[in-house]
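Worksheet: the structure to be examined is printed underneath.
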Amino acid sequence: MSVFIIIVFLYLMMGKSGGAIKPEMTFTPNWGNILYYDDVTLTCDVPSTVPEEPRTYHWYKDGRTIHRDEQTLQIKSSAERDSGDYQCRINTGDISDPVTLNVTIHYVILQRPPSAIYEGDPLTLRCHHVKEYSSFPPRFFKNNEEMKSQFPGSEFRIQKVDLNTAGLYKCSKQIGFPGRSGLFEHSDEFSLSVKELFSPPEIKVTPSRVMEGDEMTVRCYTRRDPFRGGTELHFAFYRDGRTVRGYNVSDTYRVPSFQLEDSGKYTCEVRTASGTVRKMSDGLYIQIYDYTVQNIIRLVISGFVLAAALCFIYFHNKW
């Protein structure tokens, strides 16, 4: 009977883990906004740890079923009606997060990735025009100031985004139309927001009052963005600017017996595993108290209390 129960339990657990498979949507080319008649391929990706087994793919647009069962969904000669939020699901697993596709009727658009932009990410912007028309190299602007691109062609790249990257971006292109003389300038713009990968760290210590010889725990507290919760972070701790513990995946620094010389200004630093994003906490001064001094203070206070009590009793009896 016990063997049967174990088998049933394992079966249920396998079914449960299978239901937890959450795929991710990707676009090829990787743009969230495209021009009409552009082609795009949507792919339903699954984690590499998921066993290879017969898979059935389910596709959705704006919450409605698309009757396709392949891993990829191809959109050829796109039209405005193809705009919307796309999702996919595998077998009975979880549905992916929605990814938005915008199809625009325009001469020039400033293209950006479909997913949210986080600090530390690389970023590529593309000034894209209708492919049947000729054009000159584009000009890129941020907050109405022109930016010089280090790359030839229609792309502007930023190797590592930070919070200061956010702003109003614009590209402008001169377009030549078939059968018409002259060039006509067209532009497009959008406001780029950058999300915080994790919050600035804070130093927290327990207990709040540390005596010599006590164990003390210093924690470097930060909050990850829930959509990047799998980001691996490393933590380091410093006292008066000197390293007391190098980078480690643990966010806590413990010493079983703190001494008086351990007093000082503590800070911690958090970084991604690749080191692309780093953040330092404010300093927190931690004072380690001497038991001897504390005991003398207690004895003095106790002496005063005892003397006051004896005086009270003496004068009370005398009266």
Item to check | Cα-Cα over 19 Å, subset of K61/K131; K22/K61; K131/K160; K22/K160; K76/K131 | outcome: K61/K131; K131/K160; K22/K160
Checklist entry - Which of the GluC sites (Glu not before Pro) across region 27-119 are loop residues per DSSP, with 12 or fewer other Cβ within 10 Å? => result E52, E70
Checklist outcome for this item: Sorted list, accessible surface of protein heavy atoms, 1.4 Å probe, largest first, for K160, K173 is K160, K173
Checklist entry - Dipole of region 64-107, Cα-centred, from +1 at each Lys and Arg C-beta and -1 at each Asp and Glu C-beta, to the nearest 20 debye? => result 140
Checklist entry - For region 232-247, in order, what is each residue's ³J(HN,Hα) by Karplus, 6.51 cos²θ - 1.76 cosθ + 1.60 with θ = phi - 60°, in whole Hz (x at glycine and Pro)? => result 7, 10, 10, 10, 10, 10, 9, 10, 6, x, 9, 5, 10, 8, x, 4
Checklist entry - Going down the table (K148/K173; K173/K195; K195/K279), which pairs top 22 Å between alpha carbons? => result K173/K195
Checklist entry - Hey, got a sec? Which GluC sites (Glu not before Pro) in region 122-197 land in a DSSP loop and have at most 12 other Cβ atoms within 10 Å? => result E132
Item to check | For region 145-294: accessible area per residue (Å², 1.4 Å) | outcome: 58
Item to check | I75 accessible area, assembled protein chains, probe 1.4 Å, Å² | outcome: 20
Checklist outcome for this item: Here the tail fraction of P(r) beyond 21 Å, over all Cα-Cα pairs of region 222-293, rounds in percent to 34
Checklist outcome for this item: Taking only the Cα positions of region 164-274, the convex hull volume per residue in Å³ is 159
Item to check | Test item: Cα-centred dipole of region 198-260, Lys/Arg +1 and Asp/Glu -1 on Cβ, debye | outcome: 140
Checklist entry - How large is the dipole of region 97-143 about the Cα centre if only Lys and Arg carry +1 and Asp and Glu carry -1, each at its Cβ, rounded to the nearest 20 debye? => result 260
Next on the checklist: In whole percent, and with a 1.4 Å probe on the protein chains, what portion of the accessible area of region 40-140 is carbon and sulfur?
Outcome noted: 47
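The values are calculated or read from the model by the stated rules, or taken from the named source; none is laboratory data. For clarity, every value in this text was computed on a predicted model and none was experimentally measured. Here the Cβ is made from the backbone with ideal geometry for all residues, glycine too, and neighbour counts use every protein chain on show. For the accessible areas, the whole protein counts, side chains as well, though only heavy atoms, and no ligand, DNA or RNA atoms are used. Shrake-Rupley method; radii C 1.70, N 1.55, O 1.52, S 1.80 Å.
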